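S.K.: Sharing a structure here in structure tokens format.
The values are calculated or read from the model by the stated rules, or taken from the named source; none is laboratory data. Everything numeric here is computed off the predicted structure, so don't read it as measured data. We place every Cβ from the backbone using ideal geometry, glycine too, and count neighbours over all the protein chains shown.
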Amino acid sequence: MRKIILSRLVGASLALLLSVNAASAANYPDKPITMVVPFSPGGATDQLGRYLGQRLSDKLGQPVIIENRPGAGTVVAAGHVAKSAADGYTLFLSGSSGLTLNPAIRSQLPYDPLKSYTFISHVASMDLLLLGNSQTREKTLKDVVQTAKADPKALSYGSFGVGSTSHFAGEMLKDAKDAEIMHIPFNGSSQNLTALIGNQMPLAVDTIVASLPHIRAGTLHPIALLSAERSALLPDVPTVAETGSPGFEIMSWFAVVAPAGLPEGIQKTLDDSFREIVAEPETREKLLGMGLTPGYASSDQLQEIVEKELPLMKRIAQTAQIQVQ
């Protein structure tokens, strides 16, 4: 008798929980939504977050408040969101830095990239470039590889920080081409590109967003794109994959996630909204103007991206001995 009563209580509790979740999803959203951005105001991620937030607000009829939580290479924001309520009112504009790079180089994180979040949508990516300056003799990737193999101490490249996407990209390129090029880290793209223009080193890896004004001004020249396909912004620049390394691809990408345990109905509402937003011609024009490439992937596809990229980044980190305490 006791077992029957207990079984009925459990069943009733489960039914109540499901009905509450269903009601919550049906009424969602009924108050403002907060989108956490892991960087300070003004940068590409912040601009993307503010645009997506406004469009999501237009779709759902509730304000979307952007909350900037910079610090520790996105760890501060990621840890905060991981501990937030899974009710759909806290979203996180995350991406490759938080979901695949930090877990590869940081031994202790306040979140698990696969267990702490409900994946919602992949929304955009940002191309990375290998660049030279006006005094760099190597004009093509073939030239770079030939010089590096002839003299392993001849070349160096700058990145915008230890453990950054540009650092991983540079090390992946070295690995793919079996070439030795010394890494020089800087604190951000501005310092990295200023040093390259000043010929403190002959090469750098940086984003197309930061590099494009200097390329157009003629102070820097693009050598190769590190993404899978050529960029509409620089259609004449070849990819690494075109130069004897098929399948080579690394870029910064952006995705929206929420705390783990988000009700399925709310997840679907958000995923459908971002799918529609990314498909809009206005969004494509806006993001291309920021130097970003719009690109939607569903929650399941986003999880596949993270699961595929995580072991690759861990291997690169181990090979190159990239570690941040």
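S.K.: Restricting to segment 8-37, give me the number of residues that are within 27 Å of Gly95 (Cα to Cα) and modelled with pLDDT under 95.
M.R.: Within segment 8-37, residues that are within 27 Å of Gly95 (Cα to Cα) and modelled with pLDDT under 95 number 1.
S.K.: Is segment 35-48 home to any residue that is touching a Ser or Thr at 6+ places or on another chain (Cβ under 6 Å), surrounded by fewer than 22 Cβ atoms within 10 Å (Cβ to Cβ), acidic (Asp, Glu) and on the phi < 0 side of the Ramachandran plot?
M.R.: no
S.K.: Being of a type in the set (Ser, Thr, Tyr) and either over 18 Å from the mean Cα position of the chain (by Cα) or under 20 Å from Ala148 (Cβ atoms) (or both) is true for just one of Ser273, Ser231. Which residue is that?
M.R.: Details: Ser231 fails: either over 18 Å from the mean Cα position of the chain (by Cα) or under 20 Å from Ala148 (Cβ atoms) (or both).
Result: Ser273 is the single residue among Ser273, Ser231 that is of a type in the set (Ser, Thr, Tyr) and either over 18 Å from the mean Cα position of the chain (by Cα) or under 20 Å from Ala148 (Cβ atoms) (or both).
S.K.: Could I ask something else about it? Given the criteria at pLDDT 95 or above and not in a helix (DSSP H, G or I), does Gly295 qualify?
M.R.: Numbers: at pLDDT 95 or above: yes; not in a helix (DSSP H, G or I): yes.
Taking the combined requirement at face value, the residue satisfies it.
S.K.: Here is a check on your reading of the model: is Pro63 more than 17 Å from Gln267 (Cα to Cα), surrounded by fewer than 20 Cβ atoms within 10 Å (Cβ to Cβ), in contact (Cβ under 8 Å) with a residue 24 or more places away in the chain and out of contact with any Phe, Trp or Tyr (no Cβ under 7 Å at 6 or more places or on another chain)? Step through it out loud before you land on a result.
M.R.: On the way: more than 17 Å from Gln267 (Cα to Cα): yes; surrounded by fewer than 20 Cβ atoms within 10 Å (Cβ to Cβ): yes; in contact (Cβ under 8 Å) with a residue 24 or more places away in the chain: yes; out of contact with any Phe, Trp or Tyr (no Cβ under 7 Å at 6 or more places or on another chain): yes.
Yes, satisfied.
Conditions (1) modelled with pLDDT under 95; (2) touching an Asp or Glu at 6+ places or on another chain (Cβ under 9 Å), marked per residue:
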site: Gly42; (1), (2): yes, no
site: Arg55; (1), (2): no, yes
site: Leu60; (1), (2): no, no
site: Ile66; (1), (2): no, yes
site: Lys83; (1), (2): no, no
site: Ala86; (1), (2): no, no
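S.K.: Right, next: Residues to consider are Gly158, Gly95; find the one that is in contact (Cβ under 8 Å) with a residue 24 or more places away in the chain, under 21 Å from the mean Cα position of the chain (by Cα), within 23 Å of Gly188 (Cβ to Cβ) and not assigned by TED's automatic domain parsing to the domain that holds Pro294. Spell out the reasoning first.
M.R.: Working: Gly95 fails: not assigned by TED's automatic domain parsing to the domain that holds Pro294.
One residue alone meets the criteria, Gly158.
S.K.: What number of residues within segment 127-164 satisfy the criterion of being crowded, with 16+ Cβ neighbours inside 10 Å and modelled with pLDDT under 95?
M.R.: 4
S.K.: Kindly provide the set of residues from segment 167-179 that are free of Cβ contacts under 8 Å to residues at least 60 places away in the same chain and over 14 Å from Ala317 (Cβ atoms), ordered by number.
M.R.: Residues satisfying the conditions are Asp178, Ala179.
S.K.: Oh, and also: All but one of (1) of a type in the set (A, V, I, L, M); (2) under 17 Å from the mean Cα position of the chain (by Cα); (3) at pLDDT 95 or above hold for Ala241; which doesn't?
M.R.: (2)
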